[in-house]
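J.: Before we start, here is the structure in question, set down as structure tokens.
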Number of protein chains: 2
Amino acid sequence: MSLRFALLAILRVGPLSGYDLQKQFSQSVGHVWHAPDSQIYPQLRKMEAEGLIQGEDQARGERGTRRVYHMTDAGEAAYKAWLEAPAEYQRVRDPAHLRAAYLENSTPAAARAFLHAHIAQWEGELAQFQGQIDQIDTMTSTMLNRRLEHTPPAERERAIAYKRFAYEGLVERAKVEIAWAQRGLELVGRLDAG
Amino acid sequence: MSLRFALLAILRVGPLSGYDLQKQFSQSVGHVWHAPDSQIYPQLRKMEAEGLIQGEDQARGERGTRRVYHMTDAGEAAYKAWLEAPAEYQRVRDPAHLRAAYLENSTPAAARAFLHAHIAQWEGELAQFQGQIDQIDTMTSTMLNRRLEHTPPAERERAIAYKRFAYEGLVERAKVEIAWAQRGLELVGRLDAG
DNA sequence: GACTCCATGTAATCAGTTACATGATTAG
DNA sequence: CTAATCATGTAACTGATTACATGGAGTC
């Protein structure tokens with residue numbers, strides 16, 4: 001249910017084609033809400049049917065077309081309502097911690113492999129999130145700059161601060177996961193030796 | 001896809017009816033992989049059809065029956081295979097951090113409400129996880145004790161250590177979320193004042 | 001002419017949520 | 001006899017994944 005709002009957040013800054021939107025998406029909000037294009041295109045159609053956005057076919061070359069979407073007032077209202085409503089929380093459903101709870105049934109080798117993979121996984125995420133923060137700090141984030149062009153100077157500081165804040169949370173989470181898995185490796189070592 | 005393994009992990013210790021399984025589930029693995037009974041009953045039927053478990057109807061009172069499931073060799077093999085296979089990782093899809101990334105579009109009041117709710121949410125989770133750790137430490141966890149009865153004494157230490165380790169990870173995660181949201185409240189205060 | 005990028009989908013399937021639905025047993 | 005708990009589902013729907021499918025535009 002959040003996908004539509006993630007899309008609205010991007011479209012809010014200015015009209016985009018499905019393709020361009022999807023690219024913007026994967027480089028920005030996609031870090032915090034993943035969606036493949038096969039989900040985005042139908043979702044845009046659905047949102048158009050509901051009146052949240054409006055699409056127009058534009059000519060492209062001789063025969064090609066592309067559909068450019070812009071936000072409607074209803075879309076703006078829905079976005080605002082989402083911002084005021086309490087956030088949804090999903091019930092925990094965590095494959096990694098599930099596995100961890102039954103690590104005693106694994107061989108030490110498999111336990112180590114699992115924990116190393118966990119570290120690798122979260123180091124990948126960490127690098128992504130950290131990269132975003134670096135882009136924010138150096139003002140080299142194209143998506144943020146596009147956004148800032150459309151926000152009054154007085155509110156730019158706020159926009160930057162909150163964007164950074166969101167990514168800081170993700171960075172911290174990634175670090176905790178890595179530290180936890182590292183303690184896990186030590187635990188495997190102790191139990192394996194003793 | 002992990003649900004079946006969570007169910008197998010419980011069934012592995014001994015046969016249970018769907019109802020008892022579901023209760024054991026919600027008090028143990030359910031903390032790390034939520035599933036309502038409306039998902040568990042059909043899943044058990046499905047696993048039976050696939051030969052991972054075997055169910056038998058037992059009489060209960062005069063007319064009532066209940067279906068008691070036990071694990072098959074195929075189920076045991078599937079469980080072992082899961083333990084050796086690399087863990088699945090889901091793509092990030094985090095409503096709270098998505099909201100956080102667009103907090104500049106909220107009013108300060110809505111931003112505060114969101115962050116307070118985030119803290120409340122994770123304090124609830126934290127209490128649950130911490131409660132589990134306390135039960136492990138005081139050996140008052142019925143589910144863990146049931147499990148330990150069926151594990152050779154030499155391996156009990158391992159079982160306890162890994163169980164605790166899994167919950168420690170969840171506790172740390174909850175604490176990070178709370179700390180992050182608290183920093184968020186300070187940030188709202190600073191931006192609101194300045 | 002081949003390759004890359006632009007551009008947009010559909011179809012099948014699976015996993016999970018919500019709501020509805022039913023009835024039997026047991027303890028007070 | 002009434003309430004709690006035991007016991008088990010189905011149905012409709014939403015959201016997400018995977019795979020398949022197509023074709024134009026620009027460039028080397």
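The values are calculated or read from the model by the stated rules, or taken from the named source; none is laboratory data. Quick caveat: nothing in here was measured; it's all calculated off a predicted structure. Backbone-built Cβ (ideal geometry, glycine too); neighbour counts: all protein chains shown. Protein only, heavy atoms only, side chains kept; ligands, DNA and RNA dropped before computing areas. Shrake-Rupley method; radii C 1.70, N 1.55, O 1.52, S 1.80 Å.
J.: Filter region A:138-173 for residues that are more than 7 Å from chain B (Cβ to nearest Cβ), open to solvent by less than 80 Å² (accessible area, probe 1.4 Å) and either part of a loop (DSSP other than H, G, I, E, B) or more than 22 Å from A:GLU123 (Cα to Cα) (or both) and give the result.
T.: A:SER141, A:MET143, A:LEU144, A:ASN145, A:ARG146, A:ARG147, A:LEU148, A:THR151, A:PRO152, A:ILE160
J.: For region B:89-124, enumerate the residues that are at the interface with another protein chain (Cβ under 7 Å from one of its Cβ atoms) and among the hydrophobic types (A, V, I, L, M, F, W, C).
T.: Hits for region B:89-124 are B:VAL92, B:ALA96, B:LEU98, B:ALA100, B:ALA101, B:LEU103, B:ALA110, B:PHE114, B:ALA117.
J.: Can I ask one more? Can you name the residue in region A:51-81 that is more than 24 Å from the chain's Cα centre (by Cα) and among the acidic types (Asp, Glu) and, of all such residues, is nearest to B:TYR102 (Cα to Cα)?
T.: This residue is A:ASP73.
J.: Look at B:ARG45 and say whether it is assigned to a strand (DSSP E or B), open to solvent by 20 Å² or more (accessible area, probe 1.4 Å) and charged (D, E, K, R). Break it down stepwise before answering.
T.: Details: assigned to a strand (DSSP E or B): no; open to solvent by 20 Å² or more (accessible area, probe 1.4 Å): yes; charged (D, E, K, R): yes.
Considered against the rule, which asks whether it is assigned to a strand (DSSP E or B), open to solvent by 20 Å² or more (accessible area, probe 1.4 Å) and charged (D, E, K, R), B:ARG45 comes out as no.
J.: Going by what's in this entry, would A:PRO36 be described as within 11 Å of chain B (Cβ to nearest Cβ) and within 13 Å of DNA strand C (Cβ to nearest atom)? If you could, list the steps in order and put the result at the bottom.
T.: Details: within 11 Å of chain B (Cβ to nearest Cβ): yes; within 13 Å of DNA strand C (Cβ to nearest atom): yes.
Judged against the criteria, A:PRO36 is a match.
J.: For region A:8-46, which residues satisfy the criterion of being more than 11 Å from DNA strand D (Cβ to nearest atom) and among the aliphatic types (A, V, I, L, M)?
T.: Of everything in region A:8-46, those that are more than 11 Å from DNA strand D (Cβ to nearest atom) and among the aliphatic types (A, V, I, L, M) turn out to be A:LEU8, A:ALA9, A:ILE10, A:LEU11, A:VAL13, A:LEU16, A:LEU21, A:VAL29, A:VAL32, A:LEU44.
J.: Could you check region B:11-29 and list, in sequence order, the residues that are within 17 Å of B:GLU149 (Cα to Cα) and under 12 Å from the mean Cα position of the chain (by Cα)?
T.: Answer for region B:11-29, where residues must be within 17 Å of B:GLU149 (Cα to Cα) and under 12 Å from the mean Cα position of the chain (by Cα): B:GLN24, B:SER28.
J.: Can you pull out every residue in region A:52-74 that is open to solvent by less than 40 Å² (accessible area, probe 1.4 Å) and either aliphatic (A, V, I, L, M) or within 16 Å of DNA strand D (Cβ to nearest atom) (or both)?
T.: Listed by number, the residues that qualify are A:LEU52, A:ILE53, A:GLY64, A:VAL68, A:MET71.
J.: Here is a list: B:ALA87, B:ALA6, B:ALA81. Which entry is in a helix (DSSP H, G or I), open to solvent by less than 30 Å² (accessible area, probe 1.4 Å) and within 18 Å of A:GLU104 (Cβ to Cβ)?
T.: B:ALA6
J.: Residues that are free of Cβ contacts under 8 Å to residues at least 12 places away in the same chain and in contact with a helix residue (DSSP H, G or I) (Cβ under 6 Å, 6 or more places away or on another chain): does region B:20-27 have at least one?
T.: no
J.: So if I check each of B:ARG156, B:ARG146, which one is touching a residue at least 12 places away in the same chain (Cβ under 8 Å) and not aliphatic (A, V, I, L, M)?
T.: Matching residue, one of B:ARG156, B:ARG146: B:ARG146.
J.: A:ARG93 versus (1) of a type outside the set (A, V, I, L, M, F, W, C); (2) out of contact with any strand residue (DSSP E or B) (no Cβ under 6 Å at 6 or more places or on another chain); (3) open to solvent by 20 Å² or more (accessible area, probe 1.4 Å): which is the lone unmet condition?
T.: Unmet for A:ARG93, out of (1) of a type outside the set (A, V, I, L, M, F, W, C); (2) out of contact with any strand residue (DSSP E or B) (no Cβ under 6 Å at 6 or more places or on another chain); (3) open to solvent by 20 Å² or more (accessible area, probe 1.4 Å): (2).
J.: Taking A:ARG66, is it touching a residue at least 24 places away in the same chain (Cβ under 8 Å) and more than 7 Å from chain B (Cβ to nearest Cβ)?
T.: On the way: touching a residue at least 24 places away in the same chain (Cβ under 8 Å): yes; more than 7 Å from chain B (Cβ to nearest Cβ): yes.
Yes: the conditions hold for A:ARG66.
J.: Give region B:96-109 a look and list any residue that's assigned to a helix (DSSP H, G or I) and crowded, with 18+ Cβ neighbours inside 10 Å, or say none.
T.: Residues of region B:96-109 that are assigned to a helix (DSSP H, G or I), as a first pass: B:96-101, B:103-105, B:108-109.
Matches in region B:96-109: B:ALA96, B:HIS97, B:LEU98, B:ARG99, B:ALA100, B:ALA101, B:LEU103, B:GLU104, B:ASN105.
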